[in-house]
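Below: one structure, written as structure tokens.
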Amino acid sequence: DIQLTQSPSFLSASVGDRVTITCRASQGISSSLAWYQQKPGKAPKLLIYAASTLQSGVPSRFSGSGSGTEFTLTISSLQPEDFATYYCQQFNSFPLTFGGGTKVEI
Amino acid sequence: QITLKESGPTLVKPTQTLTLTCTFSGFSLTTSGLGVGWIRQPPGKALEWLALIYWNDVQRYSPSLKSRLTITKDTSKNQVVLTMTNVDPVDTATYYCAHRVWNYDYFDYWGQGTLVTVSS
């Protein structure tokens, strides 16, 4: 199985901050990575797929980069509605796996 | 637009079989390239992929749960059913169904989730 390790697991930030979350894969997954945002009590929301492609409707302050084993999700200027937990997911091979999550708090 | 909704029991006793139904609209599972997956999330924990069924009836399962899971589809009803046998309290989680993006195994639309508690 491909393990995804997210760091940090918890992040404290302020509105306007630039935030970067890392997702490391235990083996190369090309660009087969998606990022999701989840707010308490809600289903995950797709933000980015194929490592760097912004899902339709997602604000441009979100961006993704990376390939192979190291990936990043960046929020260029954190907004109040961005406080949530973020997960990466690899779809290079089965079983599909998710990272452990990064909680972004004020 | 695409919507999905999970339904099933909220409380199940240990050793029983859990049956969850995902009823969807806005797409058809007869369309080549599409699929529906199940993902769960124990309280306060991370997401865990469980199973996926494709338009052509191919099924994929999490290896750690494969012996206990069955995923099926009913295209006439626009439903996907997940069955989990011999449940345990560790199976307590919110269960989500989600729409697989055309030709890729990630998910762009999710149901609201249903919390299932396993307890005697």
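Some notes on this structure:
- Within region B:11-45, if we keep just the residues that are among the small types (G, A, S) and surrounded by 18 or more Cβ atoms within 10 Å (Cβ to Cβ), the residue that is farthest from the other protein chains (Cβ to nearest Cβ) turns out to be B:G35.
Quick grid of which residues meet (1) in contact (Cβ under 8 Å) with a residue 24 or more places away in the chain; (2) at positive phi:
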residue: B:L11; (1), (2): yes, no
residue: B:P42; (1), (2): yes, no
residue: B:L65; (1), (2): no, no
residue: B:T72; (1), (2): no, no
residue: B:Y95; (1), (2): yes, no
residue: B:N103; (1), (2): yes, yes
residue: B:Y109; (1), (2): yes, no
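- Selection within region A:1-20: residues that are within 14 Å of chain B (Cβ to nearest Cβ) and surrounded by 17 or more Cβ atoms within 10 Å (Cβ to Cβ). The member of this set that is nearest to A:D82 (Cα to Cα) is A:Q6.
- Checked across region B:89-104, the condition of being touching a helix residue (DSSP H, G or I) at 6+ places or on another chain (Cβ under 9 Å), in a loop (DSSP other than H, G, I, E, B) and either over 13 Å from B:E6 (Cβ atoms) or not β-branched (V, I, T) (or both) holds for no residue.
- Those residues of region B:51-67 which are under 14 Å from B:R100 (Cα atoms) and facing chain A (nearest Cβ under 9 Å), in sequence order: B:L52, B:R60
- Residue within region A:48-68 that is assigned to a strand (DSSP E or B), closer than 22 Å to B:Y96 by Cβ and within 12 Å of chain B (Cβ to nearest Cβ) present: yes
- Selection within region B:68-120 - within 14 Å of another protein chain (Cβ to nearest Cβ) and either among the charged types (D, E, K, R) or out of contact with any Leu (no Cβ under 9 Å at 6 or more places or on another chain) (or both): B:R100, B:Y104, B:D105, B:D108, B:G113, B:L115
- Checking each residue of region B:72-90 against the condition of being buried (at least 20 other Cβ atoms within 10 Å of the Cβ) and of a type in the set (D, E, K, R) gives at least one match.
- Any hit, region A:71-84, residues being within 14 Å of chain B (Cβ to nearest Cβ) and closer than 25 Å to B:G113 by Cα: yes
- Residues located in region A:77-92, provided they are buried (at least 19 other Cβ atoms within 10 Å of the Cβ) and either free of Cβ contacts under 8 Å to residues at least 12 places away in the same chain or part of a strand (DSSP E or B) (or both): A:T85, A:Y86, A:Y87, A:C88, A:Q89, A:Q90
- Of the criteria (1) more than 23 Å from B:T15 (Cα to Cα); (2) in contact (Cβ under 8 Å) with a residue 24 or more places away in the chain; (3) outside any loop (DSSP other than H, G, I, E, B); (4) among the charged types (D, E, K, R), which one B:R60 fails: (2)
- Counted residues, region A:21-47 - those being loosely packed, with under 14 Cβ neighbours inside 10 Å, within 11 Å of chain B (Cβ to nearest Cβ) and either within 18 Å of A:F98 (Cβ to Cβ) or of a type in the set (V, I, T) (or both): 2
- Subset of region A:93-106 (residues that are away from chain B (no Cβ under 13 Å), within 18 Å of A:T22 (Cβ to Cβ) and either open to solvent by 50 Å² or more (accessible area, probe 1.4 Å) or over 15 Å from the mean Cα position of the chain (by Cα) (or both)): A:E105
- Some residue of region A:19-27 being assigned to a loop (DSSP other than H, G, I, E, B) and of a type in the set (V, I, T): no
The values are calculated or read from the model by the stated rules, or taken from the named source; none is laboratory data. Here the structure is a predicted model, which is why all the values come from computation and not from measurement. Cβ sites come from the backbone with ideal geometry, for glycine too, and all protein chains shown count toward neighbours. Areas reflect the complete protein model, heavy atoms only, side chains present, ligands, DNA and RNA absent. Shrake-Rupley method; radii C 1.70, N 1.55, O 1.52, S 1.80 Å.
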